[in-house]
Amino acid sequence: MTDIKKVNLLGLSPEKLIEFFESIGEKKFRATQVIKWIHQKGAESFDEMTDVSKALRAKLEQICEIRAPEVVSQNISADGTRKWIIRTEGGKNDCVETVLIPDGDRATLCVSSQVGCSLDCSFCSTGKQGFNRNLTPAEIIGQVAIAIKSFGPMDPNGPRRVTNVVMMGMGEPLMNFEPVVDAMILMMHDHAYGLSKRRVTLSTSGVVPKIYELVKRTDVSLAVSLHAPNDALRNELVPINKKYPIAELMEACQFYLANLPDKRHITIEYTLMSGVNDNEEQAHELAELLKTLECKINLIPFNPFPHSGYEKPSNNRTRRFQKILADAGYTVTVRTTRGDDIDAACGQLVGDFQDRTRRSQKYIELREVKS
Ligand code: SF4
């Protein structure tokens, strides 16, 4: 008898789970029961689902599974940052990173969406590695489950162990659209992780058509990796800009905000590279560019890695850039590094897996230094 591939229920959105139960002749309330068991109580087997009939549990056992990606390693930094290397289904070296950064009563999880990336941003080693594969919804939401379970058994009534999620790890999330949307729906759904839509953020390098599509499907917060105030420079740093130049990107951002049900802002990510995009004129140009967009700006001093070809700006240059923007009326934060002792800090390689993520340059956040 040939093996039948079991359906992994971990990655099914609530809607798809209902469809699944109906397709096997079950009532849709079963989907609600099962989704709560998986995502709120952390069940890994159907046996644990005590309010589901024995007959149905046996049936599910035959045709389904609840399978999170494999954790290759977990490290906890002295500052509380947790980092996991996670092996996906693609094979032994198909690994991504997930990092949890606690900050007071918040804990932000940085989640990967692809193994590698095809967009080849000049300052990003994930881009240099090329594109390997898209993560499945189970591999994306599985990163959230792994982080929460690392604190012990899940407790739906306990304090939140992950309060914020940023789709800002390895890969361009909008190039893996459907799985990312399904996973984000689970992050926010009341029967799953129940995170606020303001606390789930998708970060994109500017896949413009997908920004229009995204706001029709979900209302997560949006961050844009801009990194340059004009097309000439952005074409060099973020090559997708040649296809979707800044003016089109800004228009898409305005559309996104205008179509959200509530008032929000876009987060502009700007990695500062010494002598490349960090001079005073460029700060003024950036201030001018963003003047009609509701936004906050995050400056990320570049953290060099071998052969990157870029350098971190001095603190003075960073402060000057920040001040120009702050004087122009923007809320500007500068990110600083965490998790150095577990190689989760900016610009640090991931052991032998070579799967540096852009998080290395742009996310690991100790604290935000407000201007
Ligand atoms: S910065 Fe983001 S979009 Fe660009 S290559 Fe790296 S992972 Fe891909």
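Count Lys and Arg as plus one, Asp and Glu as minus one, and take only other residues whose Cβ is under 11 Å from that of Asp219; the net charge is then +4. For Ile24 and Arg133, the difference between the fully extended length at 0.36 nm per residue and the C-alpha to C-alpha distance is 36.2 nm.
Largest first, the residues Ser118, Ser45 sort by 1.4 Å accessible area into Ser118, Ser45.
Specify the inter-centroid distance of region 186-253 and region 1-74, based on alpha-carbon positions, in whole Å. Taking the Cα centre of region 1-74 as reference, the centre of region 186-253 is 32 Å away. Measuring with a 1.4 angstrom probe and ignoring ligands and nucleic acids, Arg198 comes out at about 120 Å² accessible.
Across the protein chains, with a 1.4 Å probe defining accessible surface, the residues Asp262, Asp103, Asp120 rank Asp120, Asp103, Asp262 from largest area downward. Relative contact order, whole percent, for region 70-370 stands at 17, derived from Cα pairs under 8 Å and 6 or more residues apart.
Other residues whose C-beta falls under 14 angstrom from the C-beta of Ser13 contribute a net charge of -2, scoring Lys and Arg +1 and Asp and Glu -1. Rolling a 1.4 Å probe over the protein heavy atoms gives the chain an accessible area of 42 Å² per residue.
The angle separating the long axis of helix 280-289 from the principal Cα axis of greatest extent in the chain is about 60 degrees.
According to the square roots a ≥ b ≥ c of the eigenvalues of the Cα gyration tensor, what is the shape class of region 7-65, taking rounded for a/c under 1.5, prolate for a/b larger than b/c otherwise, and oblate for the remainder? It comes out rounded by the Cα gyration axes. At the listed q of 0.14, 0.17, 0.22 Å⁻¹, the Debye profile of region 38-177, built from one uniform point per Cα, gives log10 I(q)/I(0) equal to -0.73, -0.99, -1.33.
Against the chain, whose longest principal axis comes from its Cα atoms, helix 14-23 is set at around 30 degrees.
Give me the angle, in degrees from 0 to 90, between the Cα long axis of helix 29-39 and the longest principal axis of the Cα atoms of the chain, rounded to the nearest 10. With both axes taken from Cα atoms, the answer is about 60 degrees. For Lys197, the lysines whose Cα comes closer than 21 Å to its Cα, not counting residues fewer than 8 places off in the same chain, are Lys16, Lys36, Lys210, Lys216, Lys263, Lys296.
Computed with every protein chain present, the accessible area of Val215 is close to 20 Å² [probe 1.4 Å]. Taking the protein heavy atoms of the chain in the context of the full set of protein chains, the accessible area attributed to carbon and sulfur is 49 percent at 1.4 Å. Within the chain, antiparallel bridges make up roughly 45 percent of the DSSP beta bridges whose residues both belong there.
Reducing region 77-112 and region 115-132 to their Cα centroids gives an inter-centroid distance of 19 Å. Here the Kirkwood formula puts the hydrodynamic radius of the chain at 21.2 Å, using every distinct Cα pair.
Taking θ as phi - 60° and the Karplus parameters 6.51, -1.76 and 1.60, the scalar couplings of region 111-126 work out to 10, 8, 10, 9, 8, x, 7, 8, 8, 6, 5, 5, 9, 10, 6, 4 Hz in sequence order, x denoting glycine and proline.
The values are calculated or read from the model by the stated rules, or taken from the named source; none is laboratory data. No experiment lies behind these values; they were computed from the predicted model shown. Cβ: placed from backbone, ideal geometry, glycine included. Neighbour counts: every protein chain shown. Accessible surface is based on the protein model in full, side chains and every heavy atom, while ligands, DNA and RNA are left aside. Shrake-Rupley method; radii C 1.70, N 1.55, O 1.52, S 1.80 Å.
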